[in-house]
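Taking it in order: structure first as structure tokens, then the write-up.
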């Protein structure tokens with residue numbers, strides 16, 4: 001395991017991967033970065049508002065890169081990483097494209113929740 005602050009490297013070829021889901025060098029799927037949120041999965045800034053066209057573009061690019069069909073004949077590790085990554089990509093897309101789900105997720109990221117015990121809408125959400 002890498003110490004905090006160290007750049008991520010590919011498990012297969014040792015190339016720098018940054019936050020990429022797929023190694024830019026050998027195209028191996030990578031483990032999800034530690035602590036990544038749904039915005040990070042798609043490489044989007046953590047903001048309440050999302051450009052739908054950018055979301056769509058990022059989703060399709062990420063899905064193409066990690067889709068299990070690309071790794072049918074790959075090693076067991078690559079297939080498992082691919083399945084985990086596509087599940088995260090799909091969850092991120094489903095959540096972030098829906099304004100209500102995105103708002104609830106955004107609140108969760110900021111330690112707040114709407115519900116029966118907390119009907120107050122935070123000011124940042126309505127601004």
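If the condition is being within 23 Å of residue 104 (Cβ to Cβ) and assigned to a loop (DSSP other than H, G, I, E, B), then segment 46-84 contributes 46, 47, 48, 49, 50, 51. Of all residues in segment 60-82, those that are exposed (fewer than 14 other Cβ atoms within 10 Å of the Cβ) and more than 13 Å from the chain's Cα centre (by Cα) total 6.
Looking across segment 12-26, the residues that are assigned to a loop (DSSP other than H, G, I, E, B) and surrounded by fewer than 16 Cβ atoms within 10 Å (Cβ to Cβ) come down to 13, 14, 15, 18, 19, 24, 25, 26. Within segment 85-102, the residues that satisfy the criterion of being part of a helix (DSSP H, G or I) and surrounded by fewer than 16 Cβ atoms within 10 Å (Cβ to Cβ) are 87, 90, 91, 94, 97, 99, 100, 101. Contact map, segment 46-74: first residue at positive phi and at pLDDT 95 or above, second residue in a loop (DSSP other than H, G, I, E, B) and crowded, with 17+ Cβ neighbours inside 10 Å, Cβ cut-off under 9 Å, separation 6 or more or different chains; the map is empty.
Scan segment 33-41 and tell me whether some residue there is over 19 Å from residue 106 (Cβ atoms), part of a loop (DSSP other than H, G, I, E, B) and at pLDDT below 95. Among the residues of segment 33-41, at least one is over 19 Å from residue 106 (Cβ atoms), part of a loop (DSSP other than H, G, I, E, B) and at pLDDT below 95, which makes the answer yes.
The values are calculated or read from the model by the stated rules, or taken from the named source; none is laboratory data. Just so we're clear, the structure is a prediction, and the values are computed from it rather than from any experiment. All Cβ positions, glycine included, derive from the backbone under ideal geometry; neighbour counts span all protein chains shown.
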